[in-house]
Structure formats: C-alpha cells, structure tokens
RNA sequence: UGGGGCGUCGUCAAGCGGUAAGACACAGGACUUUGGUUCCUGCAUUCGGAGGUUCGAAUCCUCCCGCCCCAGCCA
C-alpha cells in the first residue's frame with residue numbers, strides 16, 4: 001500500500017501526490033517517467049528532472065520509466081540514446097525492464113489518430129505551413145477556421161491513410177485536432193497532430209513518413225504506460241488543456257496528471273540544448289564530455305560524483321519560481337562529498353626548486369602519512385624526503401605582506417608531513433631576475449613536533465622530493481562563462497571565459513601517484529580536488545581540477561587590493 | 001495586447017490566519033602540521049506595492065506593479 005511519507009524533502013508536487021493518495025484518486029501505485037528526446041546529451045538540468053521522477057518513484061514505492069521521446073527523426077540518434085542510458089545509470093537510477101520508446105507506439109498512435117477522425121475530432125488540413133500560421137490568429141485576434149475543417153470522415157480517413165502510404169510530399173497535408181480556432185489559448189486552435197516528414201528515423205527507418213507531434217504522442221505514451229503523474233517543465237503549462245483533451249477522448253480510463261515545475265538555471269553556464277550543441281559543434285569546447293560542460297558526461301569526466309549531483313538536486317528544491325541557482329551551491333555539494341572520500345596527496349603545480357643545505361647529500365627518509373586527517377580507516381602512504389625539493393612558486397615571495405604565512409627572506413615554514421625549514425638565500429636568473437632556486441636549512445627536531453624553543457610556525461606548505469616525484473599534467477578548469485547569466489544573451493559566445501582552461505604541463509606529484517586509475521579522485525593538499533583524466537596514457541598522469549579548495553587567503557589578498 | 005504562470009534575505013526555499021525554518025553565499029571568532037575540514041556567532045521587525053477583512057495576515061479580499069511562457073508541420 002502506498003502511503004504518504006514524512007521526513008523527506010517536501011514540495012508542491014509531493015503535496016499533490018499526498019493529496020491524491022489521501023483521496024484515493026490513484027488506482028495503483030505512483031508511476032512517473034523521465035522522457036528525454038535523444039537529440040543531445042543530458043545535463044544538470046535533466047539531472048534535476050531525473051532525481052525528481054526517480055526520487056518520487058522510490059519514495060512512494062512506485063515506478064519510474066525511462067522513455068525516449070523520439071517522435072521527430074531530425075537530430076535524433078542512437079548515440080544520444082546510449083549516452084542517456086549511460087548517464088542516467090551513472091547518476092544512480094534504475095528503470096529495470098521499463099525502457100520505452102515513443103517510436104514503439106507509432107502504430108498504436110496512428111490507430112488513435114484514426115479514432116479521433118472517426119469521432120469527428122480530427123481532420124486532414126491541406127493548407128501549407130505559412131497558411132496555417134496565418135490562420136492561427138494572434139494573441140488578441142482569434143484564428144480562422146481552415147477551409148478543410150469540415151471534410152467528411154471518409155475523406156479524412158482516406159487522406160490520412162494515403163499520408164501514411166507516402167503519396168504526398170512533405171507539408172502537403174497535416175492532421176489537425178478539431179477544437180476551437182477562437183480559443184484564447186493558442187495551443188487549442190486546432191493544433192497539428194501529425195506531419196509528413198520523409199526522413200529516416202534512427203529506429204523505424206523508412207517505415208514511417210508521417211510522425212506524431214509531441215502534444216499527441218506524449219500524453220498518449222504516458223497513458224499507455226499507466227503514468228499517474230506526468231512531470232514536466234513550466235513551458236508546457238499552456239499545453240496541459242490539450243494533453244487532457246486528447247487523453248479524455250482516447251484513453252479516459254487512464255488519465256495521467258500533468259504537473260509543471262521550474263527548470264533549473266545555473267549561474268555562469270548555459271543549459272539550453274541549442275546553446276550546448278553550438279558550443280560542441282563550433283568547437284568552443286572539446287566535446288560533450290569536455291569537463292567544463294554542464295552535461296552529465298562532462299561533469300563525470302571533470303570528477304563530480306553522482307552523490308554530489310544528487311545531493312545538489314535535493315538542495316535546490318522543486319518549485320514554480322524561475323530561478324538562477326548559484327554554482328557555488330553545486331561546488332559546495334561536490335566539496336562536501338569529496339572531502340569525505342578522497343585521499344590527500346601532494347602535488348606541486350608550478351615548481352620552485354629548494355635545496356636544504358644542511359641535509360646530508362644522498363640521504364633520504366620515508367615518512368608514513370595518513371591518507372585522510374579525519375579518517376584513519378583510509379590508511380597510510382609513504383612520502384619520501386631528500387635534499388632537493390620542489391615547492392609551489394606561490395609559496396615564496398621576495399617581499400611578502402605581513403600576514404603571508406609562507407616562505408620569504410628571513411622566514412620559516414613547515415613542510416607538510418615533514419620538517420620546519422628556514423630561508424637562507426635565493427638564486428636568481430641573471431637575465432630575467434626571476435628567482436629560480438631557494439636555499440634553506442631544516443630543523444631536524446621538528447619532524448613530529450614544534451621547534452625546540454617552542455616558537456610558533458604559522459605556515460604549512462606542500463612539496464615533493466625531486467628524486468622521488470613523478471611528472472604530471474594538470475588541467476585547471478574554471479567557469480565556462482564570465483557572466484552570471486549568459487543564457488540571457490543572444491550572443492552568449494561573447495561571454496565565454498577565456499580562462500576557463502589552463503593546462504600546466506610541468507607539475508610534480510608525490511611518488512604514490514605514479515600509477516593512477518582514470519576516474520580516481522584525490523585531494524591535492526591546499527589546492528583542491530583532482531580527478532585522473534582518461535587522457536592519462538602510459539607514463540604521464542593527467543589530472544583535472546574538479547574544484548578548488550575553499551580559500552580564505554586569496555579572499556583576503558583580493559580584499560587588500562581594493 | 002488575449003491566455004497561462006510566478007513574485008518571501010545576495011541566490012535557492014519552507015511557510016497553508018496565530019505573530020518569518022533551513023541551505024548556499026557573506027562577515028566575525030575558536031581550533032588546526034591543508035590559510036582545508038570541524039566548531040561557535042552574526043545575517044528579512046519583514047514577505048512586489050497600496051488599500052481592506054480580522055483581536056491577529058506572508059497567508060483571506062480588492063486594485064496596482066514587475067518578471068516568465070505561448071502565435072514550430074520542435075520538444
């Protein structure tokens with residue numbers, strides 16, 4: 001028995017379902033569906049819908065179908081179907097044997113259309129597209145009835161079967177619902193139900209030359225599958241009367257309830273299919289799985305986890321307000337998850353050589369270090385130390401500000417998991433004046449504690465041993481667009497962030513990173529979370545920055561500059 | 001302009017006539033061998049505006065203002 005639940009996220013859709021359950025409106029259990037059109041890759045906005053539909057099904061012990069809404073062969077393909085299946089699975093959802101295609105219903109849909117003709121609810125209209133548009137009227141003027149509106153049932157039946165048989169050219173005729181050309185809702189002014197399109201379908205091939213429109217196919221597919229709650233986005237609100245009109249006349253005993261919610265908008269990115277396709281097709285990104293893309297496949301390659309994405313979708317809620325969610329919330333969810341699960345490692349992105357003058361030449365030490373400071377169960381690893389090291393260029397300043405807790409003339413700093421070292425001198429390149437090497441001394445007693453005199457060491461920096469480290473390439477990703485709402489601009493390409501990708505090819509990672517598996521995630525201490533990219537080939541590790549660590553230092557310095 | 005929706009903190013979002021949850025962001029502070037994590041603290045006398053009903057309104061009524069969607073043989 002399905003019961004209203006408590007303690008889970010609540011929203012107006014769950015309120016409606018709870019009501020339906022209380023009143024006993026449902027014959028069986030709750031049934032939802034996720035109905036993407038296979039003409040593109042799914043993105044974070046789809047993920048919101050996936051989480052909603054599958055989440056509802058599991059919360060109410062019902063079912064959620066995966067249905068490919070493939071009623072327009074233009075642009076649809078098996079590649080997209082496969083990507084959608086892979087991505088929804090990866091997000092953590094399972095539709096068992098309920099994988100459906102609207103194209104599997106083409107014959108049934110055709111019969112339903114015939115029925116509509118027989119009951120006088122549909123007719124074949126032979127106006128061309130321009131004429132149909134002209135006759136539709138405007139927001140303020142009613143439309144005019146088609147001269148073909150009152151054809152006999154026999155003539156309509158004959159014409160419609162000949163449309164199917166391929167006797168006519170594209171656009172010669174359409175099947176239209178006979179509703180009301182004066183309806184204030186334009187959707188109800190005799191909407192087109194079927195169009196002739198001599199285009200091969202990726203699943204049905206050349207079998208059909210007429211294809212049902214969304215409004216006709218979607219509601220009937222829902223009813224056929226016994227969907228109880230058909231959840232879609234706000235822009236379909238105007239189509240609801242038509243949805244109900246069609247189902248009422250053809251499958252009245254099984255009428256799904258359409259509920260609309262606000263689609264997701266995310267700051268600093270675009271989520272419209274058209275714009276995403278443009279980014280891919282015109283090469284502004286390297287593909288659907290470019291780690292900067294808001295696609296599920298892009299986020300997966302970037303290193304985001306399904307848990308983080310699901311949690312994000314739960315956090316943003318479901319309502320009917322237009323929204324623009326701050327990416328920082330997504331980043332928060334990603335960090336929250338990665339902080340728990342990733343081992344900590346050291347990697348120097350922009351190396352600066354450091355020689356420890358008082359450390360014996362040829363000597364080396366191997367320290368056992370925790371993989372995670374708060375989770376000892378994640379085990380330990382070995383970190384090697386020797387006389388020549390590399391530190392981050394950013395961790396040394398010739399003339400640092402007072403609150404800078406790192407290395408500079410006369411300063412000392414702790415090397416993470418190792419000794420406290422003190423600056424002695426620097427070596428500059430004579431031509432450029434650039435600091436190319438540092439000489440320091442270390443305090444032997446500081447390996448496992450503070451200096452002998454108890455003086456406080458403020459800063460801790462990461463490092464690698466020259467003799468032990470492994471080379472790596474690191475790709476630093478930033479937001480794809482430089483303005484909050486690029487989707488609002490027609491020429492959104494102008495708002496692309498020129499610094500959305502920086503490739504660093506001479507990074508040094510600690511020895512434990514010598515062999516890494518694509519997809520595995522790490523925290524590079526003090527830098528951020530990183531993920532092994534599939535481009536990692538033999539001998540050379542490639543890491544994607546998933547998201548930087550929160551950083552109160554750059555915030556302070558940025559503040560100083562103002 | 002006709003129709004359909006929506007307006008609660010910088011961004012989301014609870015609230016369903018009884019006197020504004022929570023999250024992110026932001027700002028302080030504690031702790032810290034990650035300027036990370038964690039932990040405290042602060043952050044809407046006010047709910048698009050104006051009237052009205054009521055002992056009492058973000059919640060009910062009226063009018064006004066603003067934003068989004070619809071005139072594809074796309075979904």
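FYI, it's all coordinate maths here, none of it is from the lab. Everything numeric in this text was worked out from a predicted model, so none of it was measured. Methodologically, a virtual Cβ is constructed for each residue, glycine included, from the backbone with ideal geometry; neighbour enumeration extends over all protein chains shown.
If you count, for each residue, the other Cβ atoms within 10 Å and average over each peptide, how do A:390-397, A:203-210 line up from highest to lowest?
The most tightly packed comes first, giving A:390-397, A:203-210.
Under 1.5 on a/c is rounded, so check that first for the range A:1-125, then, if it is not, pick prolate when a/b is larger than b/c and oblate when it is not; a ≥ b ≥ c are the square roots of the alpha carbon gyration tensor eigenvalues.
Note, shape of the range A:1-125 comes out oblate.
Considering only DSSP beta bridges whose two residues both sit in chain A, what percent are antiparallel, to the nearest 5?
For chain A, the DSSP antiparallel bridge percentage is about 70.
Angle, helix A:327-341 long axis vs. longest principal axis of chain A, Cα atoms, 0 to 90°, nearest 10?
It is inclined by approximately 60 degrees.
Once Rh is set to the Kirkwood radius over Cα pairs, what Stokes-Einstein translational diffusion coefficient, in µm²/s, holds for chain A at a temperature of 20 °C and a viscosity of 1.002 mPa s? It would help to have the intermediate numbers written out before the result.
Values: Rh = 27.8 Å.
Estimated diffusion coefficient is 77 µm²/s.
Please give the contour-minus-distance gain from residue A:364 to residue A:504: 0.36 nm per residue of separation, less the Cα-Cα distance, rounded to one decimal in nm.
Extra length from residue A:364 to residue A:504 when fully extended: 47.6 nm.
Highest first, please rank the peptides A:62-72, A:447-457, A:335-345 by the mean number of other Cβ atoms sitting within 10 Å of their residues. Each step should come with its number before you reach the end.
On the way: A:62-72: 22.6, A:447-457: 10.6, A:335-345: 18.0.
By packing density, highest mean first, the sequence is A:62-72, A:335-345, A:447-457.
If neighbour count is taken as other Cβ atoms inside 10 Å, put A:245, A:90, A:463 in order from fewest to most. All intermediate terms of the calculation are to be shown ahead of the outcome.
Working: A:245 18, A:90 15, A:463 26.
The most exposed by this proxy come first: A:90, A:245, A:463.
So what's the range A:398-549 giving for Cα Rg divided by 2.2 N^0.38 Å, two decimals?
1.33
Taking a quarter of the surface of the convex hull around the Cα atoms of the range A:269-363, what do you get in nm²?
10.3
From the alpha carbon gyration tensor of the range A:167-300, can you work out the equivalent ellipsoid semi-axes (sqrt of 5 times each eigenvalue) and give them in Å, largest to smallest?
On the way: eigenvalues 201, 97, 48 Å².
Those come to 32, 22, 16 Å.
Work out how much length residue A:150 to residue A:398 would gain on full extension: take 0.36 nm times their residue separation and subtract the Cα-Cα distance, in nm to one decimal.
80.5 nm
Once the principal axes of the Cα atoms of the range A:29-261 are found, what is the range along each, listed largest first in whole angstroms?
Principal axes ranked by extent give 53, 36, 31 Å for the Cα atoms.
Past the 19 angstrom mark, what percentage of all C-alpha to C-alpha distances in the range A:295-426 do you count? Walk me through the intermediate numbers first.
Details: 5726 of 8646 pairs.
When all Cα pairs of the range A:295-426 are counted, 66 percent exceed 19 Å.
Rg and Dmax in Å for the range A:443-517, alpha carbons only: what are they?
21.2, 65
Post the alpha-carbon centroid distance, the range A:333-371 to the range A:397-413, in whole angstrom.
So the separation of the two Cα centres works out to 20 Å.
Just the number, please: percent antiparallel of the DSSP beta bridges in the range A:458-562, rounded to the nearest 5.
Roughly 80 percent of the DSSP beta bridges within the range A:458-562 come out antiparallel.
If R0 is 30 Å, what FRET efficiency do you get for residue A:136 and residue A:25 from their C-beta distance, rounded to 0.05?
The formula returns an efficiency of 0.25 here.
For a quick size check, give me the Cα extents of the range A:356-477 along its three principal axes, largest first, whole Å.
50, 41, 34
Helix A:214-224 sits at what angle to the longest principal axis of chain A, using alpha carbons and giving 0 to 90 degrees rounded to 10?
Its long axis makes an angle of about 90 degrees.
Helix A:106-118 versus the longest principal axis of chain A: what angle, 0 to 90°, nearest 10, using Cα atoms?
Rounded to the nearest ten degrees, it is 40.
Go ahead and estimate [θ] at 222 nm for chain A from helices alone: -39,500 (n - 2.57) per DSSP H run with n ≥ 4, summed, over the residue count, rounded to 500.
-8000 deg cm²/dmol
Counting only DSSP beta bridges with both residues in the range A:347-461, what percent are antiparallel, rounded to the nearest 5?
75
For the range A:270-325, take the alpha-carbon Rg, divide it by the Kirkwood Rh, and send me Rg/Rh.
1.03
Quickly work out the residue A:448-to-residue A:425 label distance, labels modelled 7 Å from Cα along the C-beta direction, and quote it in nm with one decimal.
Result for the modelled spin labels: 3.5 nm.
Packing-wise, with mean Cβ within 10 Å as the measure, how do A:148-159, A:411-422, A:362-373 rank, highest first?
A:411-422, A:148-159, A:362-373
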